[in-house]
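See structure below.
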Amino acid sequence: MGSSGADNRVVITGAGPIASVGIGREDFLQGLFEGREGVGPSERLADTGAFAAVAECFDFAAEDFLVSKKTYLDRCAELVLCGCILALGDAGLDYQQIDSERLGISLGTAFGCLESMTNHSARVQAKGVRFGSPMIFTHTMANAPTSIACIEYGIRGPAATWCAGSASGACALEFALRRVREGDTDIMLAGGADALSSVLLAGLSPESGIVPGEGACMLVLEPYERALTRGARILAELVSVSVTGSAGDEHATTPAYGHTFGASVPLSVCAGMTAENAGRTLRAGPAADEFGVRGPGAEVVIVCGDGQ
Amino acid sequence: MAQTQACRNRAVITGLGAVTCLGGGVEGLWEGLLAGRRGLSEFAKFDPTGLRNTLCGQVRDWTFTPAEFGLDQTPDEAAQFLLVAAAEAIADAGLSERLYSGAERRPEVGLSLASNFAGAVSWEQYLSSVLAKEPSPEQFAQFSFGNALSLCRDVFGAAGPASQLSMACASGTACIGLAAEMIRDGQAGVVIAGGYDSLAASPLSGLSLLRTITDDDLYPFSANRSGTLFGEGAGVLIVESLEHARARGARCYCELPGSWQNNNAYHLTAPDEGGAGMARVLAGALGKADVAPECVGHINAHGTGTEYHDVAETQAIKSVLGAAAYEATVVSIKGAVSHLMGAAGSVEGIVAALSVFHQLVPPTVNYGEPDPECDLDYVVDGRREQSIDYAASISAGIGGDNACIILGRAD
């Protein structure tokens, strides 16, 4: 059962948010605090359909964060790879110093690599099955960003990719919480990511009041005792995660960084972990089928730390 | 610290449902496998010109009546497979009256679904509509991964814990393990667990161009193997707490004591040397189940018939089971039903559960020439009675994802 006795408490010791209002935990929180503008015309997409303004990660460039130079990466995979590095750095961890079999990853993404899927499928539709792209195809799958992160950072512990609409990120946190609580691993990178694309925006309804956004947020989860032992700063305790067919807030509002689908729950968690909230219990999560995106609702409960 | 199994709920399988190219649900699958039948046929869903092979495990003579499920619209094809397999599993578990009777929301009923490509057919239609500058909101809703969760919630009233995995071809195995975790954690009394996928142009194009698809035939663990063949369908298992099942006098096929899922952290398409990732996933699942490797009497293998995979999986099994690997029966059902992508692990989990229940192993259908590097007991001469206390079902997928579940006799 999910009791949070002293021997199996799980804490968040790092966060790697990438959002339109800021990149990295401090910049993201500062952006939210000062009301930085996070919504505007896309600088990256040629066609945003019915949406004149979106919450794009305008200042994000993967090469600013990545050591390796991949020849092809889907935008979603870029966000995940960089989110991992930001989160580990925020937690004071170097992935090369962690036992690779005790490092796991759990990622939620509602739409995965939709841009790469479009690139591959449009070729197939235009020219026939012989003219798809085998290289791009391997980057179209929803699990590709997780897999690429595993390869890049040598993650040999538990791994999972969750695709459950806007609750995807909550599914990822729930799995990671269980893995750490059950002693299966020392460190879990857990969070969510989704990228904007023309093909995604074409399917969303502007009448829903949604401001579509993109982003990622990976969190570092570890046992409380381990965090204490290594002198880590504790941002919050992850108390519980519930993803159900009917859970979640009934009154959905879009945050300043837009509705980021799979990233929305982890970004909400990150946004809540401020000094002002120290000691407070916070809840985050989407409603089922929120904004017309099919999937369950979720509720994540954290108790914010005071070690900011 | 790891929690002991003793103080937690035990998870058992009480219902099975399948849609495969063998037809006839679970009975057609099981009887077909025992008889060594193959369900593959020439591709008929769209023009296959340009694919390396036109043989596939497509579901034939398919009809779906939305009204039977209380639906106004016809859902995506893969979701249809899922709903039909789920209805069969629910009936098999003796839960039809409680789970299949309208719009009542049941918080004690969970969902653990998985797919590689989810609404792949609807995706093609949606993309066509976008490229034609007339985007279809209906097709957008149908292709998304979360769609099946919402459908199953509405059709079966499953309003409890919900999750949907996508771990390529390891998806269908991983979701069974996760369902058992929902039970062990006390989140739900019953979980509908299953993987589903349908054949569509874009995935087949990619799998053909990667040469994962053979231009010959699918020969699991054989010297003349040269690749796999793909198919479609769904496998659904009703996973229930032992207490819940006993209280209602349900038949238990087997217990699910543990599972594991990981990534090779090596390459997007190539297996790692010696099958190290698959060895870790098998060892991890045995560890979670608290089962000694030598207690495994049977393995339902991934066995795709690709050159590198089958030898890597054989090496992984031997590295974990040691000498006991040669005592276990190791079966691939892909020669009979093909590789069902996100549904593969769930359908194979069903077959593994039936093997444990009946203490009977179907043959590896379409086994070819012996390969000295694949030297385990692949049950090549017809069905076999086998004493099985514990079985393992292993899956692996593009991206290097692996999943393994352990199945034990239900006493």
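The values are calculated or read from the model by the stated rules, or taken from the named source; none is laboratory data. Keep in mind that what you see is a predicted model, and the values were worked out from it rather than measured. With ideal geometry, Cβ positions are generated from the backbone for all residues, glycine too; neighbour counts draw on all protein chains shown. Remember, those area values only see protein heavy atoms, side chains included, never the ligands or the DNA or RNA. Shrake-Rupley method; radii C 1.70, N 1.55, O 1.52, S 1.80 Å.
For the pair B:Glu31 and B:Glu307, label points projected 7 Å from Cα toward Cβ lie 4.1 nm apart. Taking a point 7 Å out from the Cα of B:Glu273 in the direction of its Cβ, the residues of segment B:286-309 whose backbone N falls within less than 19 Å of it are B:308-309. Packing here is the average count of other Cβ atoms within 10 Å per residue, and on that basis the peptides B:196-206, A:91-101, highest first, run B:196-206, A:91-101. Computed in the context of the full set of protein chains, the accessible area of segment B:176-242 at 1.4 Å probe radius has 41% of its extent on carbon or sulfur. Taking amide H as placed 1.01 Å from N in the peptide plane, A:Ala164 has its amide H under 5 Å from the amide H of A:Thr109, each at least 5 places away in sequence or on another chain.
Judged by the ratio a/c of the largest to the smallest principal axis of the C-alpha gyration tensor, segment B:333-395 counts as oblate, that ratio being 1.5 or greater while a/b is no larger than b/c.
Computed over the alpha carbons of segment B:258-408, Rg followed by Dmax gives 13.7, 38 Å.
As an exercise, use a Förster radius of 41 Å and the Cβ-Cβ distance of A:Glu26 and A:Glu207 to find the FRET efficiency, rounded to the nearest 0.05. Using R0 = 41 Å, I get an efficiency of 0.65. Total buried accessible area between B and A, probe 1.4 Å, nearest 100: 5500 Å².
Projected over all directions and averaged, the alpha-carbon convex hull of the protein assembly as shown occupies 26.8 nm².
In this label model, B:Ala223 and B:Arg248 are separated by 5.3 nm, measuring between points 7 Å along each Cα→Cβ vector. Relative intensity of segment A:216-296 on a log10 scale, I(q)/I(0) at q = 0.10, 0.21, 0.25 Å⁻¹, equals -0.29, -1.08, -1.35, per a Debye sum over C-alpha point scatterers of equal strength in the absence of solvent.
Shape class for segment A:99-229: oblate, because the ratio a/c of the largest to smallest gyration tensor axis (alpha-carbon atoms, square roots of eigenvalues) is 1.5 or more and b/c is at least a/b. Residue by residue along B:149-157, Cβ atoms of other protein chains within 10 Å of the local Cβ number 4 on average.
Using the 1.4 Å probe convention, the accessible area of segment B:258-408 works out to 29 Å² per residue with neighbouring protein chains retained. In terms of packing, defined here as the mean over residues of other Cβ atoms within 10 angstrom, the peptides B:301-311, A:224-234 line up highest first as B:301-311, A:224-234.
Taking segment A:183-198 and a reference point 7 angstrom along Cα→Cβ of A:Glu37, no backbone N atom is nearer than 12 Å. Leaving out ligands, DNA and RNA, what percent of the accessible area of segment B:258-408 is carbon and sulfur, probe 1.4 Å? Ligands and nucleic acids excluded, carbon and sulfur give 49 percent.
Note down the net charge around B:Leu340, summing +1 for each Lys or Arg and -1 for each Asp or Glu among other residues with Cβ under 10 Å from its Cβ.
Numbers: positive: B:Lys334; negative: B:Asp197, B:Glu232, B:Glu348.
Summing Lys and Arg as +1 and Asp and Glu as -1 gives -2.
Sorted largest first, the spans of the alpha carbon positions of segment B:21-96 along the three principal axes are 43, 35, 15 Å. Taken residue by residue and averaged, Cβ atoms of other chains lying within 10 Å of the Cβ of A:116-129 number 6.
Judged by the ratio a/c of the largest to the smallest principal axis of the C-alpha gyration tensor, segment A:184-238 counts as prolate, that ratio being 1.5 or greater while a/b is larger than b/c.
Taking 29 Å as the limit for the C-alpha separation, the pairs B:Lys45/B:Lys334; A:Lys69/B:Lys133; A:Lys69/B:Lys288; A:Lys70/B:Lys133 exceed it in the case of A:Lys69/B:Lys133; A:Lys69/B:Lys288; A:Lys70/B:Lys133.
Pair-distance distribution P(r) for chain A, from all Cα-Cα distances in 10 Å bins starting at 0: 7, 30, 37, 20, 5, 1, 0 percent. Extension gain for A:Ser246 to A:Ala53 (0.36 nm times residue separation, less C-alpha to C-alpha distance): 66.4 nm.
For the pair segment A:71-133 and segment B:132-148, the centres of their Cα atoms are 23 angstrom apart.
With Cα atoms as the point set, segment B:12-247 shows a radius of gyration and Dmax of 18.2, 56 Å. Computed as a quarter of the hull surface, the mean projected area of the alpha carbon convex hull for chain B stands at 18.7 nm².
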